[in-house]
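Quick one: the structure is below, and I'll ask about it shortly.
The values are calculated or read from the model by the stated rules, or taken from the named source; none is laboratory data. Small disclaimer: the values here were computed from a predicted structure and weren't measured. Virtual Cβ from ideal backbone geometry, glycine too; neighbours counted across all protein chains shown.
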Amino acid sequence: MLVAAILLFGFGAAAGLAQQATMAADDSGPAKHSLKHRSAKTAKAKSSKSAKAQASRSASKKSKESTADAGAAPEASAKPVQLASFGDWGAFLAQGDKDKTCYALAQPKERKPENLKRDPAYIFVSSRPGENIHNEVSIMMGFPMKDGGDARADVDGASFELISKGSDAWIKNPAQEPEFIKTLKKSSQLVVKATSTKGHTTTDSYSLAGLSEALQRVDAECSGVQTSQ
């Protein structure tokens with residue numbers, strides 16, 4: 001079962017899976033997280049100075065448009081609820097007035113160094129049909145990283161480079177996400193390594209037990225795909 005709580009951009013901490021659905025607070029984590037993802041990809045394509053300015057303008061624009069934009073609707077009007085749990089993963093839904101966000105989420109089973117103080121970490125795989133987004137991978141590391149710093153995800157002998165911004169990370173090459181998801185489904189463990197702004201290198205190990213089933217449920221909710229669950 002998932003450990004402890006959801007902390008997705010304002011989500012309150014809660015003990016146990018039953019409380020995750022009710023304590024998920026007022027933001028849709030994957031929806032808000034994806035805005036930062038798009039901002040990060042925009043920044044990468046610009047020079048450092050102009051990227052910061054554009055990211056700031058983009059964030060401001062998205063904030064103003066959040067009530068009208070279908071993709072941002074779950075942020076403003078929906079509290080995420082837990083649909084089911086599968087092994088070490090949970091399936092969640094945030095239903096907005098015009099759109100919805102579905103995601104599978106897990107916390108690391110092991111974190112090293114054990115004595116390093118940091119916030120909880122999470123990985124989630126989200127789908128937002130209103131934005132034509134399917135299986136977008138996002139990772140919350142629980143500590144600030146150098147933007148564009150060294151971070152990677154290792155699974156089943158394959159290494160996927162991550163792009164970092166603040167305390168968040170994504171697959172650096174979005175075209176690799178389908179391959180990454182496919183590899184996760186057939187593997188038992190994901191290891192995420194990153195370096196903080198203070199120079200500490202951390203290793204988070206995630207169990208992949210239940211991921212395939214959680215993604216099936218996410219697809220059933222956000223893609224109309226029927227499952228045997």
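The rows are residues; the columns are (1) touching an Asp or Glu at 6+ places or on another chain (Cβ under 9 Å); (2) under 24 Å from I163 (Cβ atoms); (3) at pLDDT 95 or above.
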residue: F86; (1), (2), (3): yes, no, yes
residue: A91; (1), (2), (3): yes, no, yes
residue: D97; (1), (2), (3): no, no, no
residue: E114; (1), (2), (3): no, no, no
residue: V125; (1), (2), (3): yes, yes, yes
residue: P129; (1), (2), (3): yes, no, no
residue: N132; (1), (2), (3): no, yes, no
residue: V137; (1), (2), (3): yes, yes, yes
residue: P144; (1), (2), (3): no, yes, yes
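Which one is surrounded by the fewest Cβ atoms within 10 Å (Cβ to Cβ) among residues in the range 162-181 that are free of Cβ contacts under 8 Å to residues at least 40 places away in the same chain and more than 16 Å from I123 (Cβ to Cβ)?
So the residue we want is A175.
Quick one: what pairs do we get from the range 208-224, first residue aliphatic (A, V, I, L, M), second assigned to a helix (DSSP H, G or I) and crowded, with 21+ Cβ neighbours inside 10 Å, C-beta under 8 Å, 6+ apart or different chains?
Pairs that qualify, where the first residue is aliphatic (A, V, I, L, M) and the partner is assigned to a helix (DSSP H, G or I) and crowded, with 21+ Cβ neighbours inside 10 Å, are L208/L184; L211/L184.
Of all residues in the range 129-150, which are of a type in the set (G, A, S) and farther than 20 Å from K182 by Cα?
Result: G130, G142, G148, G149.
Among the residues of the range 186-207, which ones are surrounded by fewer than 21 Cβ atoms within 10 Å (Cβ to Cβ) and farther than 15 Å from F160 by Cα?
The answer is K186, S188, T195, S196, T197, K198, G199, H200, T201, S207.
Which is in contact with a strand residue (DSSP E or B) (Cβ under 9 Å, 6 or more places away or on another chain) and more than 13 Å from Y206 (Cα to Cα), of L184, L116, L105?
That would be L116, the only listed residue that is in contact with a strand residue (DSSP E or B) (Cβ under 9 Å, 6 or more places away or on another chain) and more than 13 Å from Y206 (Cα to Cα).
For the range 78-115, enumerate the residues that are under 22 Å from Q216 (Cα atoms) and of a type in the set (D, E).
D88, D99
Ok, one more. Quick one: in the range 105-149, which of the residues that are surrounded by fewer than 16 Cβ atoms within 10 Å (Cβ to Cβ) and assigned to a strand (DSSP E or B) is nearest to the chain's Cα centre (by Cα)?
Top of the filtered list is E110.
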